[in-house]
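Visitor: Quick one: structure below, then a few questions.
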Amino acid sequence: MKVALHFNADHKSLGSLYGFVIYEKIFKILLNNRILNINSKLFVGDLLFLLYAQEEVEKKVEENVTSIKYKVNKEKYIQLIESWLYSEENNWKKFDDLRLESSINQNVFAICFESIDLRTAEYLFDNLIDYEPFIGAMEINDSNQTHWLLYSRTLHPFARINKRKLNLFHDSYESDEMDTEMQKEYLSLGFDSVEFEDLRLKYTIFDSFHNYDHAKRIAEWKKRFGSSLAFIADNVVSQLTDIAPDLGNKLWSALSTYESSETNEQYAQVVTTCRRIFEYVTDCIFPPQNETSDSGNSLKADKYRNRIYEYAKQNRISSTNIDLIIASTELLFAQWSKLNSLSNKGVHSEVFRDETRRCLIRTVLMLDDIISIHDGPFEFKHDISTK
């Protein structure tokens with residue numbers, strides 16, 4: 001999600017240098033989160049409602065000098081506000097209505113996270129709601145031209161936050177000087193490190209990708225691809241819970257454990273649960289057998305991969321599809337094995353968390369592969385062991 005936090009920059013508690021005061025508040029909230037999972041660029045600045053609601057009322061040319069007078073068009077201003085707040089998309093948004101109403105004609109300052117998950121967005125909102133200058137938060141949709149204009153085009157690139165590290169943006173083409181005092185100030189907030197990152201003219205007129213059409217395509221891709229992933233998740237649960245009724249509980253347990261984990265041992269438990277999910281589904285669709293397959297492979301209880309391959313063969317899917325399923329299964333087994341072996345070897349928990357997230361996703365994709373093996377619906381099964 002692309003999410004912006006909004007503040008009343010004219011609030012008496014902020015003073016004239018409101019930027020750092022607000023940054024300090026947000027960063028302390030983020031760094032206080034023991035399970036901080038964020039990697040995002042930050043864009044900051046005032047929302048220029050009045051500027052974009054202006055229209056030309058008079059134009060004069062005197063001695064080769066052109067002067068233009070503008071005024072705010074009230075109708076255009078109202079349309080801009082409505083387009084800002086009520087996008088055609090059903091974006092996530094949370095505002096304090098009273099603060100929003102009182103701030104709408106004042107200076108609204110925004111901090112936009114280019115990529116943030118819903119859990120972190122909700123966490124920020126909940127921890128800012130009692131902060132009086134805070135107005136609210138909203139998902140930004142760059143396919144909405146007003147959102148593109150107010151945020152992506154107008155806000156300035158400020159920094160990149162990656163877990164507990166901060167990179168402050170600068171552009172070496174404009175100046176080689178870097179504010180080391182500012183670096184120290186941000187380091188004092190509790191970041192593990194604060195470095196400078198060269199933008200190299202990105203987000204300027206020299207950046208051929210910094211335009212509405214490109215931003216719109218990215219926004220549409222994110223929405224459509226997110227829908228595809230959501231469909232896979234829905235389809236896995238809808239189809240496989242017919243024959244593996246306890247699958248929903250196991251998937252919920254894996255995700256819940258992952259979201260609350262802080263140590264490698266906890267992440268290792270998620271990996272173990274992922275493997276047990278695969279084993280449980282395999283047992284449900286192809287129970288252990290004492291005899292061997294036609295190719296001589298054992299089909300006993302601990303031979304999960306053999307049983308999946310045999311199930312695919314018996315369902316007469318193409319050899320190419322079988323090869324692809326074998327490849328994805330081998331990758332997942334290798335990842336489970338590697339993560340388990342690393343869990344007690346001092347690997348940094350942030351690294352382990354990222355790999356565990358990939359393991360979760362690959363497990364769900366593996367379940368989607370299993371669905372592709374079977375032609376038609378799975379038979380219903382009543383699993384008395386779950387009662």
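The values are calculated or read from the model by the stated rules, or taken from the named source; none is laboratory data. Keep in mind that this is a model prediction, so the values were computed, not measured. With ideal geometry, Cβ positions are generated from the backbone for all residues, glycine too; neighbour counts draw on all protein chains shown.
Visitor: Given the structure, is ILE35 in contact (Cβ under 8 Å) with a residue 24 or more places away in the chain, aliphatic (A, V, I, L, M) and more than 22 Å from TYR151 (Cβ to Cβ)? Before you say what the answer is, go through the steps one by one.
Guide: Working: in contact (Cβ under 8 Å) with a residue 24 or more places away in the chain: yes; aliphatic (A, V, I, L, M): yes; more than 22 Å from TYR151 (Cβ to Cβ): yes.
So ILE35 fits the description; yes.
Visitor: Continuing with this model, one more query. Could you tell me how many of the residues in the range 336-362 are more than 19 Å from the chain's Cα centre (by Cα) and modelled with pLDDT of 70 or more?
Guide: Of all residues in the range 336-362, those more than 19 Å from the chain's Cα centre (by Cα) come to 336-349.
With modelled with pLDDT of 70 or more added as a condition, the list becomes 336-341.
Of the residues in that region, 6 qualify.
Visitor: Looking at (1) of a type outside the set (Gly, Ala, Ser); (2) surrounded by 11 or more Cβ atoms within 10 Å (Cβ to Cβ); (3) over 27 Å from LEU30 (Cα atoms), can you tell me which one THR66 breaks?
Guide: It fails just one condition, (2).
Visitor: Next question, about the same structure. For GLN79, indicate whether it is surrounded by fewer than 17 Cβ atoms within 10 Å (Cβ to Cβ) and part of a loop (DSSP other than H, G, I, E, B).
Guide: Working: surrounded by fewer than 17 Cβ atoms within 10 Å (Cβ to Cβ): yes; part of a loop (DSSP other than H, G, I, E, B): no.
It is false that GLN79 is surrounded by fewer than 17 Cβ atoms within 10 Å (Cβ to Cβ) and part of a loop (DSSP other than H, G, I, E, B).
Visitor: Right, another one. Give LEU166, LEU124 a once-over and let me know the one that is in contact with a helix residue (DSSP H, G or I) (Cβ under 6 Å, 6 or more places away or on another chain), crowded, with 18+ Cβ neighbours inside 10 Å and over 24 Å from GLU82 (Cα atoms).
Guide: Numbers: LEU124 fails: in contact with a helix residue (DSSP H, G or I) (Cβ under 6 Å, 6 or more places away or on another chain).
Exactly one of LEU166, LEU124 is in contact with a helix residue (DSSP H, G or I) (Cβ under 6 Å, 6 or more places away or on another chain), crowded, with 18+ Cβ neighbours inside 10 Å and over 24 Å from GLU82 (Cα atoms), namely LEU166.
Let's see how each residue does on (1) part of a strand (DSSP E or B); (2) under 30 Å from TYR258 (Cα atoms):
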| site | (1), (2) |
| --- | --- |
| ASP10 | no, no |
| SER13 | no, no |
| ILE26 | no, yes |
| LEU50 | no, no |
| LYS59 | yes, no |
| LYS71 | yes, no |
| SER83 | no, no |
| LEU98 | no, no |
| ALA110 | yes, no |
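Visitor: Where the second residue is surrounded by 14 or more Cβ atoms within 10 Å (Cβ to Cβ) and assigned to a helix (DSSP H, G or I) and the first is modelled with pLDDT under 90 and polar (S, T, N, Q) and lies in the range 276-289, which pairs have Cβ atoms under 9 Å and are six or more apart or on separate chains?
Guide: Cβ pairs passing all conditions: GLN289/ARG307; GLN289/GLU310.
Visitor: Sticking with this structure for a sec: Can you name the condition, by its number, that VAL44 falls short on among (1) part of a loop (DSSP other than H, G, I, E, B); (2) surrounded by 13 or more Cβ atoms within 10 Å (Cβ to Cβ)?
Guide: Unmet condition: (1).
Visitor: A further question follows. Say whether the condition of being over 21 Å from TRP92 (Cα atoms), in contact (Cβ under 8 Å) with a residue 60 or more places away in the chain, of a type in the set (Gly, Ala, Ser) and assigned to a loop (DSSP other than H, G, I, E, B) is met by at least one residue in the range 248-257. Show your work before the answer.
Guide: Taking the range 248-257 as the starting set, the residues that turn out to be over 21 Å from TRP92 (Cα atoms) are 248-257.
From what is left, the residues that are in contact (Cβ under 8 Å) with a residue 60 or more places away in the chain are 249, 251, 254-255.
Restricting the remaining residues to those that are of a type in the set (Gly, Ala, Ser) gives 254.
Retained after the next criterion (residues that are assigned to a loop (DSSP other than H, G, I, E, B)): none.
No, every residue in the range 248-257 fails to be over 21 Å from TRP92 (Cα atoms), in contact (Cβ under 8 Å) with a residue 60 or more places away in the chain, of a type in the set (Gly, Ala, Ser) and assigned to a loop (DSSP other than H, G, I, E, B).
Visitor: I need every pair where a residue in the range 111-131 that is under 16 Å from ASN37 (Cβ atoms) has its Cβ under 6 Å from the Cβ of a residue that is assigned to a loop (DSSP other than H, G, I, E, B), sequence separation at least 6 or different chains.
Guide: GLU114/LYS2; ILE116/MET1; THR120/ILE38
Visitor: Follow-up. Can you tell me which residue in the range 112-121 is surrounded by the fewest Cβ atoms within 10 Å (Cβ to Cβ), limited to those that are in contact with a strand residue (DSSP E or B) (Cβ under 6 Å, 6 or more places away or on another chain) and in a loop (DSSP other than H, G, I, E, B)? First the steps, then the outcome.
Guide: Step one: of the range 112-121, the residues in contact with a strand residue (DSSP E or B) (Cβ under 6 Å, 6 or more places away or on another chain) are 112-116, 121.
Remaining after also requiring in a loop (DSSP other than H, G, I, E, B): 114-116.
On the way: GLU114: 17, SER115: 12, ILE116: 22.
If we take residues in the range 112-121 being in contact with a strand residue (DSSP E or B) (Cβ under 6 Å, 6 or more places away or on another chain) and in a loop (DSSP other than H, G, I, E, B), then SER115 is surrounded by the fewest Cβ atoms within 10 Å (Cβ to Cβ).
Visitor: All but one of (1) modelled with pLDDT of 90 or more; (2) not charged (D, E, K, R); (3) not in a loop (DSSP other than H, G, I, E, B) hold for PHE191; which doesn't?
Guide: (3)
Visitor: Then there's this: Taking GLY190 and the conditions (1) exposed (fewer than 15 other Cβ atoms within 10 Å of the Cβ); (2) in contact (Cβ under 8 Å) with a residue 60 or more places away in the chain; (3) touching a Leu at 6+ places or on another chain (Cβ under 9 Å); (4) under 27 Å from LEU80 (Cα atoms), which numbered condition does it fall short on, given that it satisfies the others?
Guide: (4)
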